[in-house]
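Quick notes on the structure that follows.
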Amino acid sequence: MSRIGKKPIAIPKGVTVKVEGNTVLVQGPKGKVDTPLPAGIKVEQKDGHILAIRENDSQSAVHGLARALVNNAVEGVTKGWTRELEIVGIGYRAEMKGKAMIVFNLGYSHPIEYPLPTGVDAAVDPKQTRITLNGIDRQKVGQVAAEMRSLRPPDPYKNKGVRYVGERLKKKVGKTGAK
């Protein structure tokens, strides 16, 4: 039994939800997001709530997933999604180049230019070591953050690199001298 799949999703004021086939179109004050649903899952609207209903028990594995995807879309068009990255290391920094480009200096012989996709906004703090990503599509914001982190993942020995804010790292001990 899916406990998450059974929970109703409250529709806030100013949000409209349309179901067209197996896609759900959610429109709100921040924009609109369309979410594809897995086969066998239907979405119904009842008195200000959305319910995810599965046809039979063979769709139990994707029941909670479908409900979570629709909930993320509703939350995205009302509040939006945010992901923060932190750059650690001497000389490591990032800066905005225009509105849709971030230039990273991460210890390589060349700067890395990362173009931002549509729907994702970024802001770099004045110290150039913290990046804040905003958007209405949770998957897209998370994917952009993961790609930026992969430019220079945190080193387990010196803890230098690009990491998520609040990410806990296991520091490894370096090699010891021969005895």
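The values are calculated or read from the model by the stated rules, or taken from the named source; none is laboratory data. Worth saying up front: this structure is predicted, and the values here are computed from it rather than measured. Reconstructed Cβ throughout: ideal geometry from the backbone, glycine too, with neighbour counts over all protein chains shown.
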Self-check item: Enumeration of residues in region 131-155 that are within 20 Å of N105 (Cα to Cα) and either in contact with a Leu (Cβ under 7 Å, 6 or more places away or on another chain) or assigned by TED's automatic domain parsing to the domain that holds L69 (or both)
Solution: I131, V144, A145, M148, R149, L151, R152, P154
Exercise. Taking L69 as meeting all but one of (1) out of contact with any Ser or Thr (no Cβ under 6 Å at 6 or more places or on another chain); (2) outside any strand (DSSP E or B); (3) hydrophobic (A, V, I, L, M, F, W, C), write down the number of the exception.
Key: (1)
Practice problem: Considering every residue within region 53-60, establish whether at least one is touching a helix residue (DSSP H, G or I) at 6+ places or on another chain (Cβ under 9 Å), in contact (Cβ under 8 Å) with a residue 12 or more places away in the chain and part of a helix (DSSP H, G or I). | Solution: yes
Self-check item: Qualifying positions in region 30-41 - more than 14 Å from L69 (Cα to Cα), in a loop (DSSP other than H, G, I, E, B) and within 19 Å of the chain's Cα centre (by Cα)
Solution: K30
Practice problem: With the checklist (1) under 24 Å from T16 (Cα atoms); (2) assigned by TED's automatic domain parsing to the domain that holds G135 in hand, flag the one item I41 doesn't pass. | Solution: (2)
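For (1) hydrophobic (A, V, I, L, M, F, W, C); (2) under 17 Å from the mean Cα position of the chain (by Cα), each residue gets a yes or a no:
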site	(1), (2)
K127	no, no
Q139	no, yes
A145	yes, yes
N159	no, no
Quiz prompt | Those residues of region 1-48 which are modelled with pLDDT of 90 or more, surrounded by 14 or more Cβ atoms within 10 Å (Cβ to Cβ) and among the small types (G, A, S), in sequence order | solution = G28, G31
